[in-house]
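S.K.: Below you'll find the structure I mean.
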Amino acid sequence: MSEHHEHRHPHGHEEHTQDVRAHRGHGPGRRFARWRHRLRHAVTPHTHDSSDKVDGALESSARGMRALWVSLAVLGVTAAAQAGIVVLSGSVALLGDTVHNAADALTAVPLGVAFVLGRRAASRRFTYGYGRAEDLAGIVIVLTIAASAVFAGWTAVNRLLDPRDMDHVGVVAAAAVVGFLGNEWVARYRIRVGRRIGSAALVADGLHARTDGFTSLAVLLSAAGAAIGWRYADPIVGLLITAAILLVLRDAAGEVFRRVMDAVDPALLGRAEDALRRVRGVREVGELRMRWIGHRLRAEVALVVDADLTVRQAHDIAVDAEHALLHAVPKLTAALVHADPAPAADGPDPHLALAHHMTA
């Protein structure tokens with residue numbers, strides 16, 4: 001016997017798998033458990049409407065879009081303020097930082113496109129939807145951070161070979177502070193929202209904004225060196241900031257790489273397995289897999305159940321198991337549950353027909 005079940009429902013509250021376990025009982029106890037479960041659903045925000053599932057997914061994308069628009073506005077104001085001081089001071093170093101910040105703010109564009117694409121429904125060609133567009137945006141952001149490191153390093157080496165004096169040190173230092181504060185605020189905001197909605201690309205974009213803040217700090221430290229007459233302060237600090245950007249690049253690339261390779265936190269698997277084992281009727285948890293699609297999770301699981309169950313009974317266990325998963329795992333939006341009959345000691349392997357398709 002084999003039973004598959006996939007359930008596309010949202011769950012916005014904490015797990016309550018004890019009610020799910022009680023569902024599998026019989027008699028008055030089972031009826032009481034069902035009434036208790038229904039009462040809890042009546043007083044707790046919960047829905048089994050597929051349209052509400054879409055609403056939940058759209059809300060995550062809406063938060064991401066809001067983070068992009070707000071941070072883009074802050075970066076725009078920051079760049080405009082720096083540009084004004086560039087006109088006043090004529091600082092070439094600050095001009096480079098201003099252009100760099102303005103260009104890097106545009107990394108919000110591919111991520112915004114990804115969030116918009118992620119709202120589109122799955123199609124016959126893209127059967128899992130368009131959530132993977134976020135991973136592509138994350139790759140673009142990582143490449144932009146790498147380009148920032150190359151640009152910063154090249155500029156620092158060039159200035160080391162051809163040192164120059166800096167004019168209007170005070171206003172340049174003020175512009176550097178403005179640039180750092182603006183970028184650091186944007187970095188914290190993007191990273192916080194990205195982690196809240198599960199978007200690795202938005203987190204990477206937040207780390208990118210942090211590199212821009214480091215670049216602004218380089219201008220500030222260079223201004224301090226120029227104030228004491230040290231002409232090599234600018235290029236040396238620039239090289240140090242390049243090294244810092246490379247460290248941020250490593251973190252951002254690692255996060256995006258893990259997402260592209262379908263990596264998930266092992267703690268989520270442990271949490272899912274614990275929830276499944278508490279479901280009444282589940283004898284053993286077989287294969288369990290999870291993957292991110294954009295900022296949402298999907299799961300596939302094989303459960304071992306009694307071999308003498310009817311199709312209806314096995315299906316009920318699969319439904320309860322998926323229900324428990326949706327409550328136990330944050331950001332999980334769908335699960336495919338497969339029920340395997342427990343093999344008899346003297347019986348054939350229920351998967352014998354597939355043995356020659358298995359990889360070593």
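S.K.: Does PHE115 satisfy the criteria of being modelled with pLDDT under 80 and aromatic (Phe, Trp, Tyr)?
M.R.: Answer is yes for this residue.
S.K.: For segment 284-294, does any single residue satisfy the condition of being part of a strand (DSSP E or B) and buried (at least 22 other Cβ atoms within 10 Å of the Cβ)?
M.R.: For segment 284-294, residues part of a strand (DSSP E or B) and buried (at least 22 other Cβ atoms within 10 Å of the Cβ): present.
S.K.: Give the residue that is surrounded by the fewest Cβ atoms within 10 Å (Cβ to Cβ), with candidates limited to residues of segment 333-351 that are among the hydrophobic types (A, V, I, L, M, F, W, C) and free of Cβ contacts under 8 Å to residues at least 40 places away in the same chain.
M.R.: That would be ALA345.
S.K.: A further question on this structure: In the set ASP212, ASP205, which member is touching a His at 6+ places or on another chain (Cβ under 8 Å) and either assigned to a helix (DSSP H, G or I) or of a type in the set (A, V, I, L, M) (or both)?
M.R.: After ruling out the rest, the residue left standing is ASP212.
Conditions tested, residue by residue: (1) in contact with a strand residue (DSSP E or B) (Cβ under 7 Å, 6 or more places away or on another chain); (2) assigned by TED's automatic domain parsing to the domain that holds LEU202; (3) not acidic (Asp, Glu).
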| position | (1), (2), (3) |
| --- | --- |
| VAL279 | no, no, yes |
| GLY286 | yes, no, yes |
| MET290 | yes, no, yes |
| HIS295 | no, no, yes |
| ASP320 | no, no, no |
| LEU332 | yes, no, yes |
| ALA335 | yes, no, yes |
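S.K.: With respect to ARG164, is the statement that it is assigned to a loop (DSSP other than H, G, I, E, B), charged (D, E, K, R) and either closer than 30 Å to ILE85 by Cβ or modelled with pLDDT under 85 (or both) true? Explain how you work it out, then say what you get.
M.R.: Working: assigned to a loop (DSSP other than H, G, I, E, B): yes; charged (D, E, K, R): yes; either closer than 30 Å to ILE85 by Cβ or modelled with pLDDT under 85 (or both): yes.
It is true that ARG164 is assigned to a loop (DSSP other than H, G, I, E, B), charged (D, E, K, R) and either closer than 30 Å to ILE85 by Cβ or modelled with pLDDT under 85 (or both).
S.K.: Would a scan of segment 251-266 turn up a residue that is at pLDDT 85 or above, touching a strand residue (DSSP E or B) at 6+ places or on another chain (Cβ under 7 Å) and not in a helix (DSSP H, G or I)?
M.R.: yes
S.K.: Does GLY347 satisfy the condition of being on the phi > 0 side of the Ramachandran plot and at pLDDT below 90?
M.R.: Here the answer is no, as GLY347 does not meet what is asked.
S.K.: Scan (1) in contact with a Pro (Cβ under 7 Å, 6 or more places away or on another chain); (2) in the same structural domain as ALA334 (by TED's automatic domain parsing) for the single condition TYR232 breaks and write down its number.
M.R.: TYR232 satisfies all of (1) in contact with a Pro (Cβ under 7 Å, 6 or more places away or on another chain); (2) in the same structural domain as ALA334 (by TED's automatic domain parsing) except (2).
S.K.: Then there is this: Return the only residue of ALA339, ALA324 being of a type in the set (A, V, I, L, M), assigned to a helix (DSSP H, G or I), modelled with pLDDT of 90 or more and touching a helix residue (DSSP H, G or I) at 6+ places or on another chain (Cβ under 9 Å).
M.R.: Testing whether each residue is of a type in the set (A, V, I, L, M), assigned to a helix (DSSP H, G or I), modelled with pLDDT of 90 or more and touching a helix residue (DSSP H, G or I) at 6+ places or on another chain (Cβ under 9 Å) leaves just ALA324.
S.K.: Can I ask one more? Report yes if ALA263 is surrounded by fewer than 19 Cβ atoms within 10 Å (Cβ to Cβ), free of Cβ contacts under 8 Å to residues at least 40 places away in the same chain and farther than 21 Å from GLY64 by Cβ, otherwise no.
M.R.: No, not satisfied.
S.K.: I'm trying to understand the selection: among the residues of segment 303-321, which are more than 15 Å from ALA272 (Cα to Cα), of a type in the set (A, V, I, L, M, F, W, C) and assigned to a helix (DSSP H, G or I)?
M.R.: Answer for segment 303-321, where residues must be more than 15 Å from ALA272 (Cα to Cα), of a type in the set (A, V, I, L, M, F, W, C) and assigned to a helix (DSSP H, G or I): VAL311, ALA314, ILE317.
S.K.: List the number of the failed condition for THR211; all other conditions in (1) over 30 Å from VAL301 (Cα atoms); (2) more than 21 Å from the chain's Cα centre (by Cα) hold.
M.R.: Every condition holds for THR211 apart from (2).
The values are calculated or read from the model by the stated rules, or taken from the named source; none is laboratory data. Bear in mind the structure is a predicted one, so any value in this text is a computation, not a measurement. Note: ideal-geometry Cβ built from the backbone for every residue, glycine included; neighbour counts use all protein chains shown.
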